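All of the numbers you see were taken from the coordinates with simple rules; none came from a lab. Computed from a predicted structure; not experimentally measured. Every residue, glycine among them, receives a Cβ derived from its backbone with ideal geometry; neighbour counts consider all protein chains shown.
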Amino acid sequence: MSHIPTAREFMTTSLVTIRPDMDIYEAIDILLKSNISGAPVVNEDGCLKGVLSEKDCLRLFAVGAFDQLPGGNVERYMSSEVKTVGPEYDLFTVADIFIKNQFRRLPVVENGKIIGQVSRRDVLIGSKKILESSPIKKEWTDSKYLTDEIKAALKFPSSS
């Protein structure tokens, strides 16, 4: 089997981040101008406090449809329970998390601080690189990296 990259090797390190005390409309403007669907919310020490996604912002506007448009800071609207990965997580583990969940990005956290982020797209790029570097093209699909749940969904034989 080819080398399986870790999150540290395929994560994005150049991140747009948002502060929890930032005005929500300023944060929405940052998302729109940066052409991104969400961003990690970090404090002044670089510690992850949450994620602000398009979905969080849409909730803001849905509430406003029934009353005057609400306002406030990012902390009021962000998702504070965020699934994260460590830099040592391998490509298949990260792919498994994306398959089982709806989110588009996972913050990479080390020692309590955000050091990067992986997206579904990053996983696809990493998968393509494994395939391209494998001398035997089928080798990278070694099913030992897949959970029984994923094997069942993909119609792989169970490892039981």
In whole Hz, with x marking every Gly and Pro, tabulate ³J(HN,Hα) for the stretch 84-100 from phi via Karplus 6.51 cos²θ - 1.76 cosθ + 1.60, θ = phi - 60°.
10, 10, x, x, 8, 4, 8, 3, 5, 5, 5, 4, 4, 5, 5, 5, 7
Across Lys33/Lys83; Lys55/Lys83; Lys83/Lys129; Lys49/Lys113; Lys100/Lys129; Lys55/Lys128, pairs whose alpha-carbon gap is larger than 20 Å
Lys33/Lys83; Lys83/Lys129; Lys100/Lys129; Lys55/Lys128
The stretch 1-89: chymotrypsin sites (Phe, Trp or Tyr not before Pro) in DSSP loop, at most 15 other beta carbons within 10 Å
Phe66
Just want the ordering: Ile18, Ile36, from fewest to most Cβ atoms lying within 10 Å of their own Cβ.
Ile36, Ile18
Add +1 for every Lys or Arg and -1 for every Asp or Glu among the other residues with Cβ under 14 Å from the Cβ of Ile18, and state the total.
-3
